[in-house]
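One structure below.
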Amino acid sequence: MRYRFFKRVLFVYFLLSALFSFSPSIFAAEEDETEEIEKAQSVTNSFFETDIREVLRDISAQTGVKIVPDETVQGSISIELKQVPLEEALRMVLAVGNYSFLKMPGGYYLVGLCTPSSPSYNKLSVTDYFHPNYLTAKEIQSLTSDFYWPYIKINEDVNSLTISGSPEIVK
């Protein structure tokens, strides 16, 4: 009986030691794969007075990630990108027209203006709720810039603010 128990313990010991002896190479492979993906999704290119839609097409081709601009995206840009991560490159390129982007469930990026009149507003916007403790919602709205009023709705009954807009505005 003791011999059998000892055999099982010894078997489990060897099994675990074999498993853990291979794990560093498994983790190293995962790290290498992550680094390759990040490197593949970095952008290196130079643009001079180039249409933003063309810049987005070039970034998409270089990274292999689909980028879908809506009809509001227009204008030109001059910019040099050297090994810039994809999302940072998008922020830099889209800052010119105050455009927003959001990674959609299908793995592609949707790009457009995140204003209430924009056709992509419902997909690009996020909503957050705020319940103030020391001021009323109406007082807070009166303290904010007129620029933000289209994005803020107040409910005086429960003293709350609903803020809907681009992730940058809602932050």
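Observations, loosely collected:
- Checking 99, 134 one by one, the residue that is without any contact (Cβ under 8 Å) to a residue 12 or more places away in the chain and either closer than 22 Å to residue 56 by Cβ or exposed (fewer than 15 other Cβ atoms within 10 Å of the Cβ) (or both) is 134 and no other.
- Odd one out for residue 73 among (1) assigned to a loop (DSSP other than H, G, I, E, B); (2) of a type in the set (A, V, I, L, M); (3) surrounded by fewer than 16 Cβ atoms within 10 Å (Cβ to Cβ): (3)
- Residues of segment 120-159 that turn out to be within 30 Å of residue 71 (Cβ to Cβ), not in a strand (DSSP E or B) and not basic (Lys, Arg), as a count: 13
- Condition check for residue 162 on (1) more than 23 Å from residue 105 (Cα to Cα); (2) open to solvent by less than 60 Å² (accessible area, probe 1.4 Å); (3) in a loop (DSSP other than H, G, I, E, B): one failure, at (3).
- Residue in segment 28-41 that is at pLDDT 55 or above and within 30 Å of residue 126 (Cβ to Cβ) present: yes
- Qualifying residue in segment 78-90 (condition: touching a strand residue (DSSP E or B) at 6+ places or on another chain (Cβ under 8 Å), in a strand (DSSP E or B), in contact (Cβ under 8 Å) with a residue 24 or more places away in the chain and among the basic types (Lys, Arg)): yes
- Scan of segment 53-77 for residues that are farther than 19 Å from residue 123 by Cβ and in contact with a strand residue (DSSP E or B) (Cβ under 9 Å, 6 or more places away or on another chain), ordered by number: 54, 55, 57, 58, 59, 62, 63, 75, 76, 77
- Of the residues making up segment 91-106, not one is assigned to a strand (DSSP E or B) and over 23 Å from residue 164 (Cα atoms).
- Residue in segment 48-70 that is most open to solvent (accessible area, probe 1.4 Å), counting only those that are more than 13 Å from residue 97 (Cβ to Cβ), in contact with a Leu (Cβ under 8 Å, 6 or more places away or on another chain) and in contact (Cβ under 8 Å) with a residue 24 or more places away in the chain: 68
The values are calculated or read from the model by the stated rules, or taken from the named source; none is laboratory data. All of these numbers come straight from a predicted model, not from anything done at the bench. Positions of Cβ are generated from backbone atoms using ideal geometry, with glycine treated the same way; all protein chains shown enter the neighbour counts. The area values use the complete protein model at the heavy-atom level, side chains included, leaving out ligands, DNA and RNA. Shrake-Rupley method; radii C 1.70, N 1.55, O 1.52, S 1.80 Å.
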